[in-house]
1. Give the range 21-72 a look and list any residue that's more than 14 Å from the chain's Cα centre (by Cα) and not in a helix (DSSP H, G or I), or say none.
2. Scan the range 11-30 residue by residue and report those that are crowded, with 19+ Cβ neighbours inside 10 Å and either modelled with pLDDT under 95 or of a type outside the set (A, V, I, L, M) (or both).
3. I'd like to know if the range 31-43 contains one or more residues that are loosely packed, with under 13 Cβ neighbours inside 10 Å and free of Cβ contacts under 8 Å to residues at least 60 places away in the same chain.
Amino acid sequence: MDFNYIELIGYIASALVLFSFFFRNIIRLRIVNSFGCAFFVVYGILLGSIPIIITNVAILLVNGYYLFIKKK
């Protein structure tokens, strides 16, 4: 059985996004969620899936915006 690294990236991305929702601290939630989205962007690029890429880049931008605002 061949190991599929692309699929592994998708599973890691899913786990990170799911795990992020266990945090009560919104900053930690957004940081972990951003890592999950970054993995999803890589996953989308490897699959050549524009919807996955666009959605997760948008979420990354939203998370980045709110993290920047909270930092002030």
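The values are calculated or read from the model by the stated rules, or taken from the named source; none is laboratory data. All values reported here derive from a predicted model rather than from experimental measurement. Quick reminder, even Gly has a Cβ in these numbers, built from the backbone with ideal geometry, and neighbours come from all protein chains shown.
1. Phe22, Phe23, Arg24, Asn25, Gly48, Ser49, Lys72
2. Going through the range 11-30, the residues crowded, with 19+ Cβ neighbours inside 10 Å turn out to be 13, 17, 20, 30.
Of everything in the range 11-30, those that are crowded, with 19+ Cβ neighbours inside 10 Å and either modelled with pLDDT under 95 or of a type outside the set (A, V, I, L, M) (or both) turn out to be Ser20, Arg30.
3. Initial filter on the range 31-43 (loosely packed, with under 13 Cβ neighbours inside 10 Å): none.
So far as the range 31-43 goes, no, none of its residues is loosely packed, with under 13 Cβ neighbours inside 10 Å and free of Cβ contacts under 8 Å to residues at least 60 places away in the same chain.
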